[in-house]
1. For the stretch 52-61, name all the residues that are part of a strand (DSSP E or B) and open to solvent by 10 Å² or more (accessible area, probe 1.4 Å).
2. So in the stretch 39-50, with the set limited to residues that are away from ligand 2 (no atom under 16 Å from the Cβ) and over 12 Å from the mean Cα position of the chain (by Cα), which one is nearest to GLU81 (Cα to Cα)?
3. Residues of the stretch 191-220 being open to solvent by less than 10 Å² (accessible area, probe 1.4 Å), within 16 Å of ligand 2 (Cβ to nearest atom) and closer than 14 Å to LEU250 by Cβ, which ones?
4. Identify all residues within the stretch 224-246 that are within 14 Å of ligand 2 (Cβ to nearest atom), in a helix (DSSP H, G or I) and aliphatic (A, V, I, L, M); write none if there are none.
5. List, please: which pairs have Cβ atoms under 8 Å, are six or more places apart or on different chains, and start with a residue in the stretch 93-108 that is closer than 15 Å to ALA119 by Cβ and end with one that is open to solvent by 50 Å² or more (accessible area, probe 1.4 Å) and assigned to a strand (DSSP E or B)?
6. Could you grab the pairs with beta carbons closer than 9 Å, sequence gap of 6+ or different chains, first residue in the stretch 150-172 and in the same structural domain as GLU118 (by TED's automatic domain parsing), second one buried (at least 18 other Cβ atoms within 10 Å of the Cβ) and modelled with pLDDT under 95?
Amino acid sequence: MNKIVEKKELAPKIKQLDIENPEIAAKVSPGQFAIVITGGKGERFPLTVAGADPSKGTIRLIFNEVGKSSKELGTFSVGQELRGLAGPLGNPTEIENFGTVLCFGGGVMSGPLLYIAEAFRQAGNKLIVAIGARTSELLIFKEELQAIADKFYVCTDDGSEGYQGVDFLNDVLKEKKGDYALAMSVATATQKAICEITRPFGIKTITSLTPIMLDGTGMCGACRVNVGGETKFACVDGPEFDGHLVDWDLLESRKRTYVAEERTSSLCYEMGEEFASAEK
Ligand SMILES: Cc1cc2nc3c(=O)[nH]c(=O)nc-3n(C[C@H](O)[C@H](O)[C@H](O)COP(=O)(O)OP(=O)(O)OC[C@H]3O[C@@H](n4cnc5c(N)ncnc54)[C@H](O)[C@@H]3O)c2cc1C
Ligand code: FES
């Protein structure tokens, strides 16, 4: 159970793991997430499921190595087992034939976007797909997403590939107004920017929120977000919400609550790794 059967490096610090867990593989739908525990002292942290193969009993997770836990996960090799994997958690993406769907994937979240966009396609939607990243080498699943898109765009923050920034989407929507939109990104600022672009066009825009989570089952309250003036728990009420109703400033400030501790923990982990390799 939870054995890693395949591992790939998709881009610098972005890894993909296929993990054996027949129960999750049989039940998961696009948009849901899993909670990972790497080892004995590892914290629980959420990753969106980026694919599943029920016949092989595997699920796919794609993650950025940003802090202690994700860096530790990145050290796992094929054949090793994770201490824990809980899921599927959260609600699946609402998949219907909406007409034309604008799908945006930022950085690592282009991975889960592919799983969701394939489901939109199968439901008969036309797809405008745009992916973005800080720089060209961090763009993932370009060919795969382009293959299922009716229109496909790339953007980077530094302009090293495609458009610079996401503002070009204004022109894209002026030319062909979408009927529905989905914005996937772990960066709150990017999700907010996409929602502000779609708002004047009146396009309902769903965003998958990434607040701090602990249990992932509605018990601890760590993932509280404010949507349309109401408090919601992202793990059980979401993780996807109407992005035009999200209080982005509150979400961003809550996400930054433990930045100092996260940096310390990440540094201590890296130093520990260095000491361990120096001792070998
Ligand atoms: C429902 C949900 C789904 C998610 N899906 C995915 C997914 O599919 N893929 C994915 O990659 N992530 C995903 N995330 C985000 C992921 O859970 C977090 O990135 C993860 O918890 C990181 O844990 P960590 O211990 O490695 O880092 P943490 O210790 O939690 O630190 C993370 C944050 O600390 C800050 N930080 C840490 N180190 C540094 C540094 N050296 N310099 C500057 N800032 C730093 C950054 O703000 C960073 O975002 C998801 C989150 C949620 C809530
Ligand atoms: S993570 Fe604990 S309530 Fe959502």
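1. First, the residues of the stretch 52-61 that are part of a strand (DSSP E or B): 52-53, 58-61.
ALA52, ASP53, THR58, ARG60 - these are the residues of the stretch 52-61 that are part of a strand (DSSP E or B) and open to solvent by 10 Å² or more (accessible area, probe 1.4 Å).
2. Taking the stretch 39-50 as the starting set, the residues that turn out to be away from ligand 2 (no atom under 16 Å from the Cβ) are 39-42, 49-50.
Now drop any that are not over 12 Å from the mean Cα position of the chain (by Cα), which leaves 39-42.
On the way: GLY39: 9, GLY40: 12, LYS41: 15, GLY42: 13 Å.
Only one residue tops the list, namely GLY39.
3. So in the stretch 191-220, the residues open to solvent by less than 10 Å² (accessible area, probe 1.4 Å) come out as 191, 194-195, 198, 203, 205, 207-209, 216.
Now drop any that are not within 16 Å of ligand 2 (Cβ to nearest atom), which leaves 208-209, 216.
Answer for the stretch 191-220, where residues must be open to solvent by less than 10 Å² (accessible area, probe 1.4 Å), within 16 Å of ligand 2 (Cβ to nearest atom) and closer than 14 Å to LEU250 by Cβ: just LEU209.
4. ALA234, VAL236
5. VAL101/LYS126
6. VAL172/GLY178
Residue by residue, here is whether (1) within 9 Å of ligand 1 (Cβ to nearest atom); (2) open to solvent by 60 Å² or more (accessible area, probe 1.4 Å); (3) more than 23 Å from PRO211 (Cα to Cα); (4) among the aromatic types (Phe, Trp, Tyr) holds:
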{"residue": "GLN16", "(1), (2), (3), (4)": "no, no, no, no"}
{"residue": "LYS27", "(1), (2), (3), (4)": "no, yes, yes, no"}
{"residue": "GLU65", "(1), (2), (3), (4)": "yes, no, no, no"}
{"residue": "GLN80", "(1), (2), (3), (4)": "no, yes, yes, no"}
{"residue": "PRO88", "(1), (2), (3), (4)": "no, no, no, no"}
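Conditions (1) more than 20 Å from VAL49 (Cα to Cα); (2) among the aromatic types (Phe, Trp, Tyr); (3) not in a loop (DSSP other than H, G, I, E, B), marked per residue:
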| position | (1), (2), (3) |
| --- | --- |
| LYS177 | yes, no, no |
| LEU182 | no, no, yes |
| ILE194 | yes, no, yes |
| ARG199 | yes, no, yes |
| GLY216 | no, no, no |
| MET219 | yes, no, no |
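The values are calculated or read from the model by the stated rules, or taken from the named source; none is laboratory data. Being a predicted model, the structure only gives us computed values, none of them experimental. No Cβ is skipped: glycine too gets one built from the backbone with ideal geometry, and neighbour counts run over all protein chains shown. Remember, those area values only see protein heavy atoms, side chains included, never the ligands or the DNA or RNA. Shrake-Rupley method; radii C 1.70, N 1.55, O 1.52, S 1.80 Å.
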